[in-house]
Amino acid sequence: MRRRDLIGGLGLLAAGCTSTRKPAELREISVALSEHLSTSSMHLADEAGYLREAGFRMNVVRLSAIQAVPLLAGGRLDAILGGVPAPLLNGVLRGMAIRVVAGREHVSPACGDGYTLYARRAVFGKGPVDPRRLKGKRFSIRSRGITEFILDTFLKELGMELGDVERIDLPLRESLAALASGQIDAIFDPEVSRSALADSGELVKVWRLADVLPMHQYSFVIFGESLLKTGVEPGARLLAAYLQAAGEFLEGRTPRFMREFAERHGLDPEKTAAECRDTFARDGAIDRASLQRTLDWHAGKGYATARLEAGQLVDERFLEEARRMLASGEWRGGRHGGGGGGGAGGGGDGE
């Protein structure tokens with residue numbers, strides 16, 4: 001065989017091999033998303049295909065941050081969107097690879113009713129709507145979570161003590177039903193304003209966290225060991241896909257998740273989709289002052305075994321690289337060999 005023919009034959013063989021080669025698999029990641037509207041931007045990242053463009057297939061695990069920590073520490077969960085509960089802090093104090101990598105949501109005096117205190121109008125009778133008149137009343141509070149932090153802030157501002165109110169631990173759906181039936185008297189929850197109950201005249205707005213701690217950031221993107229120890233690039237791609245969607249969400253793009261959530265929880269879908277959204281950090285910036293405030297609260301309550309500095313919990317390398325990737329467009333087209341550290345199934349009550 002002539003040398004030219006041999007080379008040509010080898011070239012055709014190589015081309016044939018290339019054409020049948022399978023692309024690298026998408027990396028499957030498991031992300032804990034609570035059953036709250038604040039996770040809409042991550043759902044948009046999935047629905048819009050941005051996670052796939054970045055090289056990921058997302059497995060949504062319906063767990064709260066508190067429920068998710070053991071799975072995150074054990075490598076069965078890759079990331080959490082939510083707050084920083086005491087089990088997470090105690091895990092970090094014990095040396096677990098868990099870090100806050102981006103900021104997400106804050107309360108704003110100019111946008112929305114996030115964590116406004118609503119109470120039954122009947123509690124006040126014909127008298128003034130004075131927060132102090134809620135002394136001795138029943139509050140729906142998730143123990144050790146954001147609403148307990150807000151309750152403590154409320155009581156401190158009014159010169160009241162924890163024993164001055166009765167706390168009842170209920171998830172969102174049960175809280176709204178209990179409020180409507182008079183089984184509880186007051187609730188801190190961002191979804192109440194979107195319910196039919198809010199328009200019924202049976203509730204009144206009593207107090208707003210945003211007026212006391214304006215721009216307090218309470219929700220974050222949190223990575224576990226599986227993303228922290230595989231280099232910066234995979235986690236940065238994931239963050240870039242999330243931030244791309246978050247920016248579009250702020251500009252009005254609505255994921256199906258929002259309307260489906262509204263229908264599941266008896267909220268007005270149109271009202272839910274139309275509400276102000278400027279409570280999310282477009283660039284993922286972490287407000288360390290807010291984070292430190294939360295860490296100090298956990299330590300002061302005795303929920304955290306020791307006081308943590310915000311810097312001990314934060315790793316901004318992923319965010320810095322994600323911002324660079326967004327500017328250059330490099331986050332698209334990512335593919336990863338092998339699987340992710342996730343795969344945990346199941347769900348929770350979403351609180």
Subset of the range 257-302 [farther than 25 Å from Glu47 by Cβ and either of a type in the set (D, E, K, R) or surrounded by fewer than 17 Cβ atoms within 10 Å (Cβ to Cβ) (or both)]: Asp287, Arg288, Ala289, Gln292, Arg293, Asp296, Trp297, Ala299, Gly300, Lys301, Gly302
Options Gly284, Gly300: the member that is assigned to a helix (DSSP H, G or I) and modelled with pLDDT of 90 or more: Gly300
Conditions (1) exposed (fewer than 15 other Cβ atoms within 10 Å of the Cβ); (2) within 20 Å of Val100 (Cβ to Cβ); (3) modelled with pLDDT under 95: number failed by Thr305: (3)
Residues (small (Gly, Ala, Ser) and under 30 Å from Leu77 (Cβ atoms)) located in the range 191-233: Ser219, Gly224, Ser226, Gly231
Residue in the range 33-48 that is assigned to a strand (DSSP E or B) and of a type in the set (Ser, Thr, Tyr) present: no
Residues satisfying the stated conditions in the range 102-116, i.e. part of a strand (DSSP E or B) and modelled with pLDDT under 95: Ser108, Cys111, Thr116
Strands (runs of 3 or more DSSP E) (entirely within the range 128-240) containing at least 1 residues that are assigned by the TED database to the domain that holds Ala289 and surrounded by 24 or more Cβ atoms within 10 Å (Cβ to Cβ): 217-223
Which listed residue, of Ala262, Ala273, is in a helix (DSSP H, G or I), in contact with an Asp or Glu (Cβ under 7 Å, 6 or more places away or on another chain) and at pLDDT below 95: Ala262
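The values are calculated or read from the model by the stated rules, or taken from the named source; none is laboratory data. Keep in mind that this is a model prediction, so the values were computed, not measured. For neighbour counting, all protein chains shown are included, and Cβ atoms are generated from backbone atoms with ideal geometry for every residue, glycine included.
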